[in-house]
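In what follows, a single structure is set out as structure tokens and then discussed.
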Amino acid sequence: MNLNLAFVHDWLVTLAGAERVLAALYELYEAPIYTLVVDKDNLKGSLFENANIHTSFIQSLPFGKRKYRLYLPLFPLAIEQFDLFDYDIIISSSHAVAKGVLTGPEQLHICYCHTPIRYAWDLYFSYMREGGLESGLRGTIAKFILHYIRLWDASTANRVDYFIANSNYVRRRIWRVYRRKAEVIYPPVDVDKFSMVSEKEDFYLTASRLVPYKKIDIIVKAFALPSLRDRKLIVIGDGPDMKKIKKMATPNVEILGYQSFEKLKYYLEKARAFIFAAEEDFGILPVEAQACGTPVIAYGKGGVLETVIEGKTGLYFYRQTPEDIAKAVAKFESIQDSFDPLEIRKHAEMFSKERFKKEFSDFISRIVEF
């Protein structure tokens, strides 16, 4: 399909979930990418290494490539400086400001929305609390900035012709924040990179960037409780909370830090179960665990409700507390033999990259006149 289009992505500095979506879209329609900042050192070996990438003026500001979040107040201005008027179709991959690009009346703008800006909307109060910004001069400045971001974000919703959400959970949030309807196309998961393993080892696994909202700390605290002191937990990931999590870890908790894909794959395949305590928009890691035939013990809120089947591919706990996780682990162990790794794997295949590409291509075919 020969389309004159361009991609807009918030920032391209790592290869996380949003970038996997962009990569799958790039495989479908190889096109120029416009983004606030790019860190090419982190893109080596990826599809983006030799892509035609255009950056904003933030790239040239002091520490812009590494400390770009410091320039949050400039994000709206920066994204509006991209001249995209030579393209017929704009596809924005947005969890922050990408959807706010300027387009003309003859152009078609499709936004794949990972979420409305979470720290400006539904995570606003926890963001302020965790950042120590509830009072004082810094807090006042942060409140004004995020108020401005909310006003701008809401006003730019009408710049989008079609919204696509990455889950029904995000679809509902798009309606609440923007009062816009969205179609759901689940993100691509490279299930073919994982192997179904029936023989599991005697450890539990969690993996994530170590930031507050991922709630890795409560998982570690759960395994410090007397009922789980004889169970082994492996933690994979790095981030700002690393020191705090290391301090609370008991001898039965092994913190491995950042690991290569091959190492992560090994632990996902061998884990007794994968534990997931965050409220995520979708959550790719729980699907990757299921692609390995590994059951998931998850916090029962957010996108994970659409990817884990209670009693068949995993089970839920409903409060983010160490005690509730411990109870969920005990329940899991009481019914562990009822989980069929092959059935868990088959369920994960519903979220494959090929499925994503077909659904997105079909969507484009429905709305674009040739």
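The values are calculated or read from the model by the stated rules, or taken from the named source; none is laboratory data. All values derive from a computational prediction rather than experimental measurement. Positions of Cβ are generated from backbone atoms using ideal geometry, with glycine treated the same way; all protein chains shown enter the neighbour counts.
From Ala326, Ala348, grab the single residue that is within 26 Å of Glu269 (Cα to Cα), surrounded by 14 or more Cβ atoms within 10 Å (Cβ to Cβ) and in contact with a Leu (Cβ under 7 Å, 6 or more places away or on another chain). Unique residue meeting the criteria: Ala326.
All conditions but one from (1) exposed (fewer than 13 other Cβ atoms within 10 Å of the Cβ); (2) among the aromatic types (Phe, Trp, Tyr); (3) touching a residue at least 12 places away in the same chain (Cβ under 8 Å) apply to Phe125; the one that does not is (3). In segment 164-222, how many are farther than 19 Å from Gln259 by Cβ and not aromatic (Phe, Trp, Tyr)? Within segment 164-222, residues that are farther than 19 Å from Gln259 by Cβ and not aromatic (Phe, Trp, Tyr) number 33. Considering segment 1-56, the residues that are among the acidic types (Asp, Glu) and surrounded by fewer than 19 Cβ atoms within 10 Å (Cβ to Cβ) include one that is farthest from Leu285 (Cα to Cα), namely Glu30. Screening Gln59, Gln107 for residues that are farther than 24 Å from Phe163 by Cβ, in contact (Cβ under 8 Å) with a residue 12 or more places away in the chain and crowded, with 16+ Cβ neighbours inside 10 Å leaves exactly one candidate, Gln59. What residue, among those in segment 258-280 that are surrounded by fewer than 23 Cβ atoms within 10 Å (Cβ to Cβ) and touching a Gly at 6+ places or on another chain (Cβ under 7 Å), is farthest from Val235 (Cα to Cα)? Applying the filter and picking the extreme gives Glu279. Scanning segment 329-345 for residues that are under 18 Å from Leu228 (Cβ atoms), surrounded by 18 or more Cβ atoms within 10 Å (Cβ to Cβ) and touching a residue at least 60 places away in the same chain (Cβ under 8 Å) returns a single hit, Val329.
For (1) of a type in the set (D, E, K, R); (2) in the same structural domain as Phe356 (by TED's automatic domain parsing); (3) buried (at least 18 other Cβ atoms within 10 Å of the Cβ), each residue gets a yes or a no:
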| residue | (1), (2), (3) |
| --- | --- |
| Ile141 | no, yes, no |
| His147 | no, yes, no |
| Ala154 | no, yes, no |
| Arg159 | yes, yes, no |
| Val170 | no, yes, yes |
| Arg176 | yes, yes, no |
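Can you pull out every residue in segment 289-308 that is within 26 Å of Ile174 (Cα to Cα) and crowded, with 24+ Cβ neighbours inside 10 Å? Ala298, Tyr299, Gly303, Val304, Thr307, Val308, listed by residue number. Whether any residue in segment 185-198 is out of contact with any Cys (no Cβ under 7 Å at 6 or more places or on another chain), among the aromatic types (Phe, Trp, Tyr) and more than 30 Å from Glu343 (Cα to Cα) is what I want to check. No; the residues of segment 185-198 include none that is out of contact with any Cys (no Cβ under 7 Å at 6 or more places or on another chain), among the aromatic types (Phe, Trp, Tyr) and more than 30 Å from Glu343 (Cα to Cα). From the list Gly237, Gly283, which residue is at pLDDT below 95, within 24 Å of Ala24 (Cα to Cα) and either surrounded by 22 or more Cβ atoms within 10 Å (Cβ to Cβ) or in the same structural domain as Cys111 (by TED's automatic domain parsing) (or both)? None of the others qualify; the one that does is Gly283. Number of residues in segment 297-338 that are over 21 Å from Met248 (Cβ atoms), in a helix (DSSP H, G or I) and not hydrophobic (A, V, I, L, M, F, W, C) equals 8.
Checked against (1) hydroxyl-bearing (Ser, Thr, Tyr); (2) part of a loop (DSSP other than H, G, I, E, B); (3) without any contact (Cβ under 8 Å) to a residue 12 or more places away in the chain, Thr294 meets all criteria but (3).
Among the residues of segment 129-144, are any in contact with a Pro (Cβ under 8 Å, 6 or more places away or on another chain) and of a type in the set (Asp, Glu)? Yes: one or more hits.
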